[in-house]
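S.K.: Following this message is one structure expressed as structure tokens.
The values are calculated or read from the model by the stated rules, or taken from the named source; none is laboratory data. If you're wondering where the values come from, they're calculated on a predicted model, not measured in any experiment. Cβ placement follows ideal geometry from the backbone for every residue including glycine, while neighbour counts extend to all protein chains displayed. Accessible surface areas use protein heavy atoms only, side chains included; no ligands, DNA or RNA. Shrake-Rupley method; radii C 1.70, N 1.55, O 1.52, S 1.80 Å.
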Amino acid sequence: MNERVDLNYQPSDDEPFMNERQKTYFRAKLISWKSDILREARETLENLQEENASHPDMADRASSETDRALELRARDRQRKLIVKIDAALQRIEEGSYGYCEETGEPISLRRLDARPIATLSLEAQERHERREKVYRDE
């Protein structure tokens, strides 16, 4: 996969949906996002290892434990995000990326640009969220 990425390129509704240029654009965007998350995870791990030095003060220790718990929860969310990024990259390879899982219609380029892991069109996502709200409220 030796694709050149045009850094000035912006997907447009004026071109065929999910053409090679758009696929290259979204693949690069997803890979970059994943790299950023993995880099942040490595930095977090290094920070947690450095903080493992004992805190003689109980207040410092409690504060450090709270920070560590928040950091680990954030990392867990990011781990789940990596799974979604990998799934999106797989959909690009399979040719199903950019199409709503519910309706089969194209997901808007603006939505994909803002949320490249989206699997539902905005309308389908809103329907899904309304159904979830109904079940929660019952």
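S.K.: Please arrange Y97, Y135 by accessible surface area, largest first, computed with a 1.4 Å probe and ligands excluded. List each step's numbers first, then the result.
M.R.: Details: Y97 5, Y135 160 Å².
Putting Y97, Y135 in descending order of accessible area: Y135, Y97.
S.K.: Quote the FRET efficiency, to the nearest 0.05, computed for E43 versus D113 with a Förster distance R0 of 22 Å and r equal to the Cβ-Cβ distance.
M.R.: 0.25
S.K.: Still on this structure: Rounded to a whole number, what % of the accessible area of the chain do carbon and sulfur atoms account for, probe 1.4 Å? It would help to have the intermediate numbers written out before the result.
M.R.: Values: 4890 of 9860 Å².
Carbon and sulfur: 50 percent of the exposed surface of the chain.
S.K.: Can you give me the angle between helix 122-137 and the longest principal axis of the chain, using Cα atoms only, in degrees from 0 to 90, rounded to the nearest 10?
M.R.: 50
S.K.: Show which lysines lie in cross-link reach of K34 when reach means a straight Cα distance below 29 angstrom and same-chain residues fewer than eight apart are skipped.
M.R.: K23, K80, K84
S.K.: Note the angle between two axes, namely the Cα long axis of helix 20-51 and the longest principal axis of the Cα atoms of the chain, as a number of degrees from 0 to 90, rounded to the nearest 10.
M.R.: 0
S.K.: Here is a follow-up. What number, in percent, do you get for the relative contact order of the chain if the mean sequence gap of Cα pairs under 8 Å and at least 6 apart is divided by its residue count?
M.R.: Numbers: 78 pairs, mean separation 31.0, N = 138.
Computed over the chain, the figure is 22 percent.
S.K.: Tell me the angle of helix 58-94 to the major Cα principal axis of the chain, expressed in degrees between 0 and 90 and rounded to the nearest ten.
M.R.: Here the helix axis deviates by roughly 20 degrees.
S.K.: Next up: Roughly how much of L38 is accessible, in Å² to the nearest 10, using a 1.4 Å probe?
M.R.: Result for L38: roughly 70 Å² accessible.
S.K.: Any chance you could look up the accessible area of R21 with a 1.4 Å probe, heavy atoms only, rounded to 10 Å²?
M.R.: 120
S.K.: Also, I was wondering about something else. With every protein chain left in place, what is the accessible area per residue of the chain in square angstrom, probe 1.4 Å? Can you show the working numbers first?
M.R.: Numbers: 9860 Å² over 138 residues.
Computed with neighbouring chains in place, this is 71 Å² per residue.
S.K.: If you keep only loop residues by DSSP, which GluC sites (Glu not before Pro) in region 59-105 have at most 15 other Cβ atoms within 10 Å of their Cβ?
M.R.: Working: sites: E65, E71, E93, E94, E101, E102; in loops: E101, E102.
Sites meeting the loop and neighbour criteria: E101, E102.
S.K.: I'd like the accessible area for D67, computed on protein heavy atoms only with a 1.4 Å probe and all protein chains in place. Round to 10 Å², please.
M.R.: 80
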